[in-house]
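> First, the structure itself, so that you have it in front of you.
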Amino acid sequence: MHRTSLRVALVLAAVLLVAPAARAASPDVVISQAFAAGGNAGAAYANDFAELFNRGSASVDLTGWTVQYSSAAGTTWQATPLAGTLAPGRHYLVQLASGGAVGAALPAADATGTANLAVSGGKLAVVRDLAPLTCGASAGSCSAVSTVADLLGYGPASDYEGSGPAPALSAATAAVRAGAGCTDSDANATDFATAAPAPLNSAVAAAACGAVPPPAGSVVQSAAVDIDIAPVLSIALERPTLSFGSVFTRQAPPPLSEAVTVVSNNPAGYSLTVHRAAFAPADLPLGIAVGGGALTPIPVAPALDLLIGSSSTASSASGDVWSTSVGFPSLPTVAPGRYTSTVVFTAIGR
C-alpha cells in the first residue's frame, strides 16, 4: 500500500511620584537589539541597526509602521518606514547610518534608514504610525502615546520604560533584549543588557516564545516522532507483470489472473476502472474478464476507462479483492518480436 508520511497573578503596584506611568508589555513587535557604533573605530559592523522581533502568536502587518530615533535628551525624531508582514518568532532588521568604513556588512536588511544612533545614549521606538513623535522630554512621555508599540531608552536617555534606561553602548556591544527577544517587563534597565551584536533578519528561522529553558545542570535528550497516514485509497495487484511467454501468431495464450485489491476508508465507496497503452511495435487486442466472465476489450488511452466495478461503502481492513483475468481473445498475424504494453487500474473515490 502506498502511504504518505506526515512533527490570577496578583499585581502589587506602588505609586512613586518620580516613576513613569505603567503600561502593558508589548504583545507582539518589540525592539530586540540595537547597535549604535556602525563604522566607528573598533566597530563590529559597518552600520547602526535596530532589530525587531515578533514575540506574539500572530503575524503583524508592518505597513504604515516606523522605527524612530531621537537623541538622549531630544524630542525630535527621525522615522524609518517599515513594510511587509512579520510572522510570529521572526526578526526584522532595520539598517541605519554608518559612521565610517570599519566593521562587517550587515545581513540583508528588511528596511533601511539614515538615523545615526549615538553610542553614549539615545531613544528608539517602534511606532504604529508614519508621523514622527514629539515626546521624549521626560520618563513615561512616549509610553503614554497610543501608537508607540515599544520604546528603548539607553545611556542617559530622558525617556525609557520602567524605572531607568538600558546601559550605554560601545563599539563592541549592542543593547540585547533578554530571553532571545521574548522578555518584556516594560523595564529597559532589566529587559536589556549589553552584549556582542548579532543582527538577525527576516530570513532567519522562526524562534517562537513560550518554551521554558531547562534549569542549570539539566541534561536534555530529544526523541524523533513520526507517523504514517494511510491514504483514502490504495491498490495492490496480484501480478506486477503479466508475462504470456512465447506463442505462435494466431495462437492466443490462456488468460492470466490479476486479482486487484482495493483498500478504501471512504464511507461513500469508490469505483475501479482500467485502461491500457497500445502495444508496440504494433497493437494487439487485449481484454479483461471480471469474476469469470467473458473477455472485454481494454480501452486504449486516451479513450475512457472501462468500469470493472464499484462499491458504495468502505472496504474491509484487508481490502476488497476484485478477481479479474487478462488475456488475448485472439492474436492477429504480426511480425515476430517482443510486444509490450501497460495496463493501468484506477480506484476513484466518491
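> For region 58-63, just list the computed ³J(HN,Hα) in residue order, Karplus coefficients 6.51, -1.76 and 1.60, θ = phi - 60°, integers in Hz, with x standing in for Gly and Pro.
9, 5, 10, 7, 8, 4
> While we're here: Would you mind pulling out the separation of the Cα centroids of region 138-180 and region 236-270, in Å?
After rounding, the separation between the Cα centres reads 75 Å.
> Here is a further query. Kindly put Arg239, Arg90 in sequence by how many other C-beta atoms sit within 10 Å of each C-beta, fewest to most.
Final ranking by Cβ density, sparse to dense: Arg239, Arg90.
> When Rg is the radius of gyration of the Cα atoms in region 153-223 and Rh is its Kirkwood radius, what does Rg/Rh come to?
1.05
> Size of the dipole of the chain about the Cα centre, Lys and Arg at +1 and Asp and Glu at -1 on the beta carbon, nothing else charged, in debye to 20?
The calculated dipole for the chain is roughly 800 debye.
> Something else now. Calculate one ³J(HN,Hα) per residue across region 91-105 by plugging θ = phi - 60° into the Karplus curve 6.51 cos²θ - 1.76 cosθ + 1.60, and present them in order as whole Hz with x for glycine and proline.
Calculated HN-Hα couplings, in order: 9, 8, 9, 10, 7, 10, 5, 10, x, x, 10, 8, x, 7, 5 Hz.
> Which of His275, His91 has the fewest other C-beta atoms within 10 Å, and how do the rest follow up to the most?
Listed from fewest to most nearby Cβ atoms, that is His275, His91.
> Grab the Cα-Cα distance for Val321 and Gln251, subtract it from 0.36 nm times how many residues apart they are, and report the gain in nm with one decimal.
Between Val321 and Gln251, full extension yields an extra 22.2 nm.
> Further question: Taking neighbour Cβ counts within 10 Å as the exposure measure, how do Trp65, Trp322, Trp77 sort from fewest upward?
So the ranking, lowest neighbour count to highest, is Trp322, Trp77, Trp65.
> Using amide H atoms built in the peptide plane, which far-off residues or other-chain residues are under 5 Å from Arg90 H to H?
Asn54, Ala207
> Let me ask something else about it. Which value, in Å³ per residue, describes the convex hull spanned by the Cα atoms of the chain?
268 Å³
> State the extension gain, in nm to one decimal, for the chain segment bounded by Ala105 and Ser59, taking 0.36 nm per residue of separation less the distance between their alpha-carbons.
Once the chain is fully extended between Ala105 and Ser59, it gains 13.7 nm.
> In addition: From the residues Thr333, His275, Ala171, which one has its Cα farthest along the dipole of the chain in the positive direction, the dipole being from +1 and -1 charges on Cβ of Lys/Arg and Asp/Glu about the Cα centre?
Thr333
> Hey, what do the phi angles of region 37-52 turn into as Karplus ³J(HN,Hα) couplings, whole Hz, using 6.51/-1.76/1.60 and θ = phi - 60°, x for Gly and Pro?
Here the 3J(HN,Hα) series is 10, x, x, 6, 4, x, 6, 6, 10, 7, 9, 5, 7, 10, 10, 9 Hz.
> Run through all the Cα pairs of region 20-209 and give the fraction in each 10 Å bin from 0, expressed as whole percent.
Result, from short to long distances: 11, 42, 39, 8, 0 percent.
> Also: Amide H of Thr296: which non-local residues (sequence gap of 5 or more, or other chain) have their own amide H closer than 5 Å, using H built in the peptide plane?
Ile288, Ala289
> Next question, about the same structure. Using only the alpha carbon atoms of region 231-349, find the Kirkwood hydrodynamic radius as the inverse mean reciprocal pair distance, in angstroms to one decimal.
Every distinct Cα pair counted, the radius reaches 15.2 Å.
> Let me ask you something else. How much length is gained on full extension from Phe279 to Ser341, taking 0.36 nm per residue of separation minus their Cα-Cα distance?
Contour length minus Cα-Cα distance gives 21.9 nm.
> Val60's amide H: which non-local residues (gap 5+, or another chain) put their own amide H closer than 5 Å, with H modeled 1.01 Å from N in plane and none for Pro or chain starts?
Leu86, Ala87
Since every read-out is calculated from the coordinates, none of them should be taken as a lab result. Only a predicted model underlies this, so the values are computations on that prediction, with no experimental measurement involved. All Cβ positions, even for glycine, are placed from backbone atoms using ideal geometry, and neighbour counts span all protein chains on display.
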